[in-house]
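Report on the following structure.
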Amino acid sequence: MNTISPTMARCIEKCLACYAICLRAPVDTSDITFDKAHLTLMLTCAEMCRTCAHFMILGTVHHKHTCRECAEICAECALVFEGMNGMQACVDACRECAKECAMMAA
């Protein structure tokens, strides 16, 4: 069994946190009506974070690919929702996840 390094463990933690926050955001921010593009991006981000964490937990070398894509999607999500009322937790989680995933992909 592969040992998970402290760096990878931190990335997994950030991915799972972002997954939960992005998945819950449409429910937790019931005063906001999201258009289809926003909702699609948020759910895409959540799923990519889950997948990325899953790949790292499995110990597959392919985690570098998912981390690269996860970093890109999270950065986009943070940018799109920056300044939107009630979305700061999502923005912060996406930025943290993007940073950790970019380091894992390098």
Gain in span if fully extended, Thr40 to Lys99, counting 0.36 nm per residue against the direct Cα distance: 19.1 nm
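Can you give the percent of C-alpha pairs in segment 1-45 whose distance is more than 12 Å?
Numbers: 663 of 990 pairs.
I get 67 percent for the Cα pairs in segment 1-45 exceeding 12 Å.
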Segment 72-106 and segment 1-63: distance between their alpha carbon centers, rounded to Å: 10
Label zone at Ile57, where the point sits 7 Å out along the Cα-to-Cβ direction: segment 1-37 residues whose backbone N lies under 20 Å: 1-25
Sites Asn85 and Arg24 - FRET efficiency at Förster radius 25 Å, r taken between beta-carbons, to 0.05: 0.95
Relative contact order of segment 1-77, pairs being alpha-carbon contacts under 8 Å that are 6 or more residues apart, as %: 36
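Based solely on its DSSP helices, what 222 nm [θ] is calculated for the chain when runs of n ≥ 4 H residues each add -39,500 (n - 2.57) and the sum is averaged over all residues, nearest 500 deg cm²/dmol? Write out the running numbers ahead of the final one.
Details: 4 runs with 83 residues, N = 106.
Taking each H run of at least 4 residues, the total per residue is -27000 deg cm²/dmol.
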Percentage, to the nearest whole number, of Cα pairs in the chain over 20 Å apart: 32
Furthest towards positive pole of dipole, Val61, Cys101, Ile73, structure part segment 6-105, Cβ charges: Val61
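With a 10 Å radius around each residue's Cβ, average the other Cβ atoms per peptide and rank 26-37, 51-62, highest first.
Ranking the peptides 26-37, 51-62 by packing returns 51-62, 26-37.
All of the numbers you see were taken from the coordinates with simple rules; none came from a lab. The shown structure was predicted, so the numbers you read here are calculated from the model rather than taken from an experiment. Neighbour counts are summed over all protein chains in view; Cβ atoms, including those assigned to glycine, are modelled from backbone coordinates with ideal geometry.
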